[in-house]
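The values are calculated or read from the model by the stated rules, or taken from the named source; none is laboratory data. Small disclaimer: the values here were computed from a predicted structure and weren't measured. Cβ: placed from backbone, ideal geometry, glycine included. Neighbour counts: every protein chain shown.
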Amino acid sequence: MRKILLVIDMQTDFVDGALGSAEAVAIIPNVLREIAKYEKSDIIATRDTHPETYMQTREGKYLPVPHCIKDTAGWEIHPEIAPALEGCLMIDKPTFGSTELCDHIIKLAENEDIEVTLVGLCTDICVVSNAMLIKASLPEIDIKVVADACAGVTPESHLAALTTMKMCQIDII
């Protein structure tokens, strides 16, 4: 069984930038611990990617904080994480869940048995969105989320997202 790690949006703006938090900073060692368990060819990372016109988008109207604007420092993978992800597949996603990422996972599952584990930010937005897309597309594969290698917008919303995923038969470890 091939084990795939998805590192979701470990970007500067989400760690200690525009939308950063103490909880996001605190998971860095745990994310690095999980990355170290995998071969580079079995790691896929994502970047939340917005245009300069972000504030005019639907998301920008609901979350009026410019963040992860393509090619800015805040859009880059956090400097403590970036070296560990060198050589890994990187997918830029324009919204919470990535259909491109999901399609890639579906293609992998067509050729071999896989297990998918997710870590990263934010548990209650992008982690849960991607986990649920994959679960809906591949209901029979094992999907895991490493709780201490994820952080939510708030500690309460982190726990709520973990509960939601658990209820949908995603393993929380």
Margin query: From the list 131, 147, exactly one residue is touching a helix residue (DSSP H, G or I) at 6+ places or on another chain (Cβ under 8 Å), among the aliphatic types (A, V, I, L, M) and closer than 18 Å to residue 15 by Cβ. Which is it?
Written below: 147
Note to self: Could you check the stretch 159-173 and list, in sequence order, the residues that are part of a helix (DSSP H, G or I) and either buried (at least 19 other Cβ atoms within 10 Å of the Cβ) or among the hydrophobic types (A, V, I, L, M, F, W, C) (or both)?
What the structure shows: 159, 160, 161, 162, 165, 167
Margin query: Can you say whether residue 7 is in contact (Cβ under 8 Å) with a residue 40 or more places away in the chain, of a type in the set (A, V, I, L, M) and farther than 26 Å from residue 134 by Cα, as far as the supplied structure shows?
Written below: no
Checklist line | Meets criteria (part of a strand (DSSP E or B), surrounded by 14 or more Cβ atoms within 10 Å (Cβ to Cβ) and small (Gly, Ala, Ser)) for residue 45 | finding: yes
Item checked: In the stretch 146-158, residue nearest to the chain's Cα centre (by Cα) [restricted to those that are assigned to a helix (DSSP H, G or I) and more than 14 Å from residue 126 (Cα to Cα)] -> 155
Margin query: Anything in the stretch 122-143 that is over 21 Å from residue 48 (Cα atoms) and of a type outside the set (Val, Ile, Thr)? List them, or say none.
Written below: 136, 137, 138, 139, 140, 142
Next item on the list: Restricting attention to the stretch 87-124, report how many residues are touching a helix residue (DSSP H, G or I) at 6+ places or on another chain (Cβ under 8 Å) and not in a strand (DSSP E or B).
Entry: 14
Note to self: Yes or no: the stretch 131-141 includes at least one residue that is among the acidic types (Asp, Glu) and closer than 21 Å to residue 59 by Cβ.
What the structure shows: no
Item checked: Near pairs, Cβ below 9 angstrom, 6+ apart or cross-chain, from the stretch 36-48 (within 11 Å of residue 86 (Cα to Cα)) to any residue that is of a type in the set (Gly, Ala, Ser) and not in a loop (DSSP other than H, G, I, E, B) -> 43/84; 45/120
Check: Counting just the residues of the stretch 61-96 that are over 17 Å from residue 7 (Cα atoms) and touching a strand residue (DSSP E or B) at 6+ places or on another chain (Cβ under 8 Å), which one comes out surrounded by the most Cβ atoms within 10 Å (Cβ to Cβ)?
Finding: 67
Checklist line | Members of the stretch 1-19 that are closer than 22 Å to residue 158 by Cα and either surrounded by fewer than 18 Cβ atoms within 10 Å (Cβ to Cβ) or touching a His at 6+ places or on another chain (Cβ under 9 Å) (or both) | finding: 10, 11, 12, 13, 14, 15, 16, 17, 18, 19
Notebook entry, point to check: What is the one condition in (1) buried (at least 16 other Cβ atoms within 10 Å of the Cβ); (2) out of contact with any Leu (no Cβ under 7 Å at 6 or more places or on another chain) that residue 100 does not satisfy?
Noted result: (1)
Notebook entry, point to check: Is it the case that the stretch 100-108 has a residue that's at pLDDT 95 or above, within 18 Å of residue 9 (Cβ to Cβ) and aliphatic (A, V, I, L, M)?
Noted result: yes
